[in-house]
Amino acid sequence: MKTVGSVLEAQNGVGPGFRLLRMVLAISVIYVHGSLLDGAAAAGEWWPYGARWALNNFSVPMFFVMSGFLVTASVMRSRVDEFLVNRLVRLVPGLVVVVLVSAFVLGPLVTTVPLGSYFGDRSFYIYLLNVVGLHRDALPGVFKDNPETLVNGSLWTLPHEVVCYLLLSLLAMTGALRRRAFVLAATLALYGIAILLALLDRSGIRFPLSAAVDYIFLWRGAAHLVPLFLTGVLFYQYRDRIPYNALIAGGAALGLVALALAGTVDWQDEPVVWAISAPLFGYLAMFLGLSSWFVLPILVGIDYSYGIFLYGYPVQQTLTHVMRGSHDYMLFFALSMVPTLILAALSWHFVEKPALSLRKRLRAASSTAVERVGALARRAEARPQARIEPGG
């Protein structure tokens, strides 16, 4: 039987379709955000209500499942410090640039307050905290007349992604990552807690610290994203047992469509739906990512998906600011994609790719530091201990 593991091994540990999948998901985010940022203008004309739920809840879950699958392979073939350096280099440079461009270029161009007030406002400096992964999304006088006033709402997922990387690192350091049954139990427990909290909330039952627990598990889908990431981890851990089959992938896709058509937009807040859809998202992402036919030759050697993620939201907010009033939805999407792709290309070629080229140097520096710490620890252990004589 052909399994995920055998396909991955035959392809030397590379999934040829993941690059295109990331691009498709990033572009779908731009498409969905058009209805959110433009006051839902004409959104109903382009997809039924249920299908809108499917599209609106397709991109982020697939990203997190895919991320869990891919980075687990990375952390299991390298040291934890090397893994964290790799993640840092991949995420931070592009993030720093988009935050600075938004604060120092875009903001001054569109703000409704004097520049002196803009740069002197406390919210300007708070917005800069985005460079360290703390999502803050208001700049003084920026997009205040738009249906949505956020500067870059896409960045809300980054803190959750960082939490996922730290959790995976902890699992690796403690050896728990090698025990896939433990990861399976932890993932099921997280979904169980989210479902229980939702049921208790509906019944009106409150308990001590319930507000804090709700914040951790339910706030902005946090309980959704971490278990989705762990679902991707599980797909990698059980790769030797999971069959690689187009019929199963088709069934997963039909299952997601059925979930969408059977429910409403409110289903995106249902933990039970999260638990049911997670393995469907996982299998579909894994199948497409490992498929040799799901490839565009033009994408070989480039990855604009992160840049699209970073710049799509502020580009659409700027267009909404300029194109006041209602307008054609598909025209808005097309106009959004042009500057977004240009900025994503600039980000990749002049920021992200050069930063990635530094990974070997950073890994070498990290290895040297680890070796020095280890040598100091061994030297300290070998050093003779002073004896304390009686009465001395």
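The values are calculated or read from the model by the stated rules, or taken from the named source; none is laboratory data. In this text, all values refer to a predicted model and were calculated from it rather than measured experimentally. These accessible areas exclude ligands, DNA and RNA; they are computed on the full protein's heavy atoms, side chains included. Shrake-Rupley method; radii C 1.70, N 1.55, O 1.52, S 1.80 Å.
Summarise the accessible area of the stretch 69-140 (1.4 Å probe, protein heavy atoms) by the percent that is carbon and sulfur. Walk me through the intermediate numbers first.
Values: 2270 of 3280 Å².
Here carbon and sulfur together make up 69 percent of the probe-accessible area.
Stokes-Einstein, applied to the Kirkwood radius of the stretch 105-148 over Cα pairs at a viscosity of 0.890 mPa s and 25 °C, places its translational diffusion at 228 µm² s⁻¹. When both the stretch 123-161 and the stretch 261-334 are represented by their alpha-carbon centers, they are found 20 Å apart.
Cα-based values for the stretch 101-202, radius of gyration first and Dmax second, are 20.1, 58 Å.
Only Cα sites of the stretch 134-178 enter the Debye sum here, all with the same form factor; the resulting log10 I(q)/I(0) across q = 0.16, 0.28, 0.32, 0.34 1/Å is -0.56, -0.93, -1.03, -1.09, listed in q order.
Extension gain, residue 28 to residue 246: 0.36 nm times the residue separation minus the Cα-Cα distance gives 76.2 nm.
Solvent-accessible surface of the stretch 103-200, averaged per residue with a 1.4 angstrom probe and all protein chains in place: 49 square angstrom.
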